[in-house]
Amino acid sequence: MNFVIITHVPHIVEQNHYFAYAPYVREMNIWIKQVDKVILVAPESNSRKTPIDIKYHHENIEFIAVEGFDVLGLKAVFDSIFKIPGICWNIYSAMQKADHIHLRCPGNMGLLASLIQILFPKKIKTAKYAGNWDPKSKQPLSYKLQKWILSNTFLTRNMQVLVYGKWEGSSKNIKPFFTATYHEVDKLPIVPKNLQQQICFVFVGTLVSGKNPLYAIQLVEALCQKGHNVALSLYGEGAERNKLEQYIVENKLDDIISLEGNQTHEMVRKAYEQSHFVILPSESEGWPKAVAEGMFWGCVPVATPVSCVPFMLDYGNRGILLEMTREHSSNWRSNLEKDAYQLELVLKNEIDCQGKSQKASDWSRKYTLDVFEDEIEKLLTR
């Protein structure tokens with residue numbers, strides 16, 4: 001089988017090996033386990049590998065490098081006009097060779113691929129929509145267009161579209177799905193975490209405004225000011241790092257807040273194992289892996305109610321759903337106080353906290369890589 005992947009994820013090429021963002025590649029390595037050839041259409045990055053980049057495991061990969069593009073600003077739009085025809089030709093040529101076409105959405109590459117796949121109605125196709133499928137959510141026009149094309153069974157034929165969550169009114173080709181990080185053998189016993197010692201929070205994700213890492217810091221700061229022995233470790237890099245460093249210094253939070261940067265899968269796993277809470281006050285998510293991973297190790301999840309997060313947290317029974325967190329919101333201070341109060345109630349009730357921890361772990365451990373691999377195999381052999 002020739003398995004064609006169209007993705008916006010930047011790839012690093014070193015000595016005929018292909019590296020990219022680890023969570024994405026781990027998943028793709030499961031998809032490509034039993035295929036004969038992989039044809040990969042993606043932007044090539046000149047960056048050096050970091051601890052969060054890993055390689056594809058396959059002996060027969062044809063990499064078709066394309067230029068990255070965006071439409072954010074007049075110059076970018078002008079540049080894209082010249083790039084897009086060549087990119088479209090590369091996507092079309094790859095799809096011609098495919099036995100199975102796999103799209104990674106949403107993204108600029110996903111948008112082009114979702115249009116071009118219309119020309120191949122008889123080929124078997126899958127699309128992984130890793131963003132928020134909630135039809136009521138506010139999203140860029142390009143995302144809405146991709147969702148419309150993928151769910152239109154007249155334009156998009158012979159395709160299963162994998163989305164996070166179950167949404168009313170979905171077309172017959174939309175399949176609720178999940179993602180996973182750990183295997184069945186990783187289900188080691190969880191040691192109950194004592195609230196009488198320092199209470200540890202962990203944030204795992206890109207340090208960008210949409211993930212609201214500053215809000216996570218301010219929430220832990222508020223708990224500290226109320227007399228709680230708390231600490232927060234943030235794992236990841238991004239444009240907000242300097243702003244966060246400045247805030248930590250100005251507010252003398254060095255003793256309780258640490259920026260750990262990008263770390264290996266094993267280091268992040270240790271952080272989950274040692275933390276009481278995993279926090280992600282994000283404005284938009286698909287299936288937030290950081291939340292599911294933390295839950296696997298007994299962390300009580302603290303997250304905003306976006307996409308399928310309310311389902312993951314059982315509407316508050318196995319976690320804490322935060323209020324809206326945008327910093328420029330007129331209710332921002334009020335939201336912070338409400339969220340700190342929610343957390344205080346849990347911190348003062350160890351039985352409730354342990355119960356949420358156990359429920360979180362029990363739920364997350366249903367979604368292992370073993371189950372994920374079985375489901376992928378069904379999609380490839382249909």
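Using a 10 Å cut-off on Cβ atoms, rank the peptides 215-221, 168-174 from the highest mean neighbour count down.
215-221, 168-174
Once the stretch 221-312 is represented by equal point scatterers at the alpha-carbon sites, with solvent omitted, what log10 I(q)/I(0) does the Debye formula produce at q = 0.17 Å⁻¹?
Each listed q corresponds, in turn, to -0.85.
Take the alpha-carbon centre of the stretch 127-197, take the same for the stretch 284-322, and report the distance between them in whole Å.
Cα centres, the stretch 127-197 to the stretch 284-322: 14 Å.
Which pairs, out of Lys49/Lys122; Lys211/Lys356; Lys37/Lys270; Lys144/Lys366; Lys125/Lys147; Lys175/Lys289, put more than 27 Å between their alpha-carbon atoms?
Lys49/Lys122; Lys37/Lys270; Lys144/Lys366
Might you report the magnitude of the Cβ-based charge dipole of the stretch 124-250 about its Cα centre, with Lys and Arg at +1 and Asp and Glu at -1, to the nearest 20 debye?
My answer is approximately 780 debye.
Could the peptides 287-296, 257-266 be put in order, highest first, of the mean number of other beta-carbon atoms found within 10 Å of their residues?
In decreasing order of mean packing, 287-296, 257-266 become 287-296, 257-266.
Taking only complete DSSP H runs, can you tell me which helices of the chain stretch 30 Å or more along their own long axis by Cα positions and average at least 1.6 on the Kyte-Doolittle scale?
In the chain, no H run is both long and hydrophobic enough.
Given the stretch 127-209, what whole percent of its Cα pairs are spread farther than 23 Å?
When every Cα pair of the stretch 127-209 is considered, 47 percent fall beyond 23 Å.
Computed over the Cα atoms of the stretch 184-364, what is the convex hull's projected area averaged over all directions, in nm²?
With every direction weighted equally, the projected area is 9.7 nm².
Nothing charged except the Cβ atoms of Lys and Arg (+1) and of Asp and Glu (-1): what's the magnitude of the dipole of the stretch 184-364 about its Cα centre? Round to the nearest 20 debye.
220
Work out how far the C-alpha atoms of the stretch 159-287 reach from end to end along every principal axis, then list the three figures in whole Å, largest first.
Ordered largest first, the stretch 159-287 gives principal extents of 54, 36, 28 Å.
Among Ile52, Ser93, Leu103, whose Cα lies farthest out toward the positive end of the dipole of the stretch 43-172, if unit charges sit on the beta carbon of Lys, Arg (+1) and Asp, Glu (-1)?
Of Ile52, Ser93, Leu103, it is Leu103.
Rg (Å, one decimal) plus Dmax (Å, integer) for the alpha carbons of the chain?
Taking only Cα atoms of the chain, I get Rg and Dmax of 21.5, 64 Å.
Roughly what would the spin-label model give for Tyr92 and Asp186, points 7 Å off Cα along C-beta, in nm?
Placing both labels 7 Å beyond Cα along the Cβ direction yields 4.2 nm.
Under unit Cβ charges (Lys, Arg +1; Asp, Glu -1), what dipole magnitude, rounded to 20 debye, does the chain have relative to its Cα centre?
1220
Taking θ as phi - 60°, what are the ³J(HN,Hα) couplings along the stretch 170-175 by the Karplus curve (6.51, -1.76, 1.60), each to the nearest whole Hz, with x for Gly and Pro?
Whole-Hz 3J(HN,Hα) from phi for the stretch 170-175: 6, 6, 5, 8, 8, 10.
Every read-out reported here was derived from the displayed coordinates using simple, explicitly stated rules and does not represent laboratory data. Every value quoted in this text rests on a predicted model; they were computed, and no experiment measured them. FYI the Cβ positions are ideal-geometry reconstructions off the backbone, even for glycines, and counts take in every protein chain you see.
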